[in-house]
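Comments concern the structure below.
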Ligand code: SF4
């Protein structure tokens, strides 16, 4: 499968990711609305997209508390102390690699 066919089959353009450039996200399952690569965990974890590696330290989230709070409604690690804690330096380093 060539790159264009792979992108067409597994990815879709995203409004959030395409404000300034062409950006793609993994397609969602029509019935579950979950990422098609999610199966009791990320089935492509080692090859997951850059935005998944940087999440939740996307620059768009770090710069918008309202948006951060909205995403945190669906991510327990963002709203509790049960997830891994990061130093400010670690957060800056991860955010610098975020595509959004
Ligand atoms: S981490 Fe994996 S399962 Fe989660 S959104 Fe990214 S590609 Fe999909």
Among 94, 100, which comes first, second and so on when ranked by fewest other beta-carbon atoms within 10 Å?
94, 100
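With r as the distance between the Cβ atoms of residue 87 and residue 42 and R0 = 25 Å, compute the FRET efficiency 1/(1 + (r/R0)^6) and round to 0.05.
Computed FRET efficiency for residue 42 and residue 87 comes out at 0.55.
When all alpha-carbon pairs of the chain are counted, what percent fall beyond 18 Å?
Details: 2763 of 4950 pairs.
Within the chain, distances greater than 18 Å cover 56 percent of Cα pairs.
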Only Cα pairs under 8 Å and at least 6 apart count here; give the relative contact order of segment 49-100 as a rounded whole percent.
59 percent
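Report the gain in length on full extension from residue 80 to residue 8: 0.36 nm times residue separation, minus Cα-Cα distance, nm rounded to one decimal.
Numbers: separation 72, 0.36 × 72 = 25.92 nm, distance 3.66 nm.
Between residue 80 and residue 8, full extension yields an extra 22.3 nm.
Every number in this text was worked out from the coordinates using simple rules, so none of it is lab data. Predicted model only: the values in this text are computed from it and were never measured. Counting neighbours? That spans all protein chains shown, and the Cβs are built from the backbone with ideal geometry, glycine included.
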